[in-house]
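First up is the structure itself, then whatever we jot down about it.
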Amino acid sequence: MEDEVSNRTEALLIATVNPMAKSEISTALSIDPGEVAKSLRILKKRYQDTSLEIKMIGRKYKIGVRDKYSEVAFKYSESEMDKGELEIIGLLFRKGKSYISHVERLRGRKAEEELEHLSKLGLVEIIPKGRRRIVKLTRTFFSRYGKGLREKVKQEEQVTD
């Protein structure tokens, strides 16, 4: 039974794009929160000597590639972001933060939709500032992509130049 709960937890964390809290895992799998904690411990032990790990992002969990192996994995992975979203990420990566109006000038009509998708992925945060709004990269973005994205951003810049 213990393996079954761990396997179901593992499948859920691999399948989801966004990290999940213990309570969300408990609800999704219809299991006790104590069982979720136990299954996470089992999975951490299972992945101890592998390229995968249970990543804790804030108080949420996701299965991901260890930093040591992220460069090779990122190089060959399909991005969950389209080219326009990568352009926005590139802009924010270089500038740190930007007014949404600047992003809209760069991306046009699609900017609002792209920003909404990036926000759902937990990669950008939109902060009201008076009548304007500022967009910036989140800690989730940096913990998920870190330095691997720097190379992808450079590649996108070369293609668009």
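Post the alpha-carbon centroid distance, region 79-98 to region 1-51, in whole angstrom.
Centre-to-centre (Cα) distance: 31 Å.
Can you give the Rg/Rh ratio of region 20-138, where Rg is from the C-alpha atoms and Rh is the Kirkwood radius?
Rounded to two decimals, Rg/Rh equals 1.07.
Any read-out appearing in this document is the output of simple, stated calculations on the displayed coordinates, not a laboratory observation. Predicted model, so just to flag it, every value in this text is computed and none were measured.
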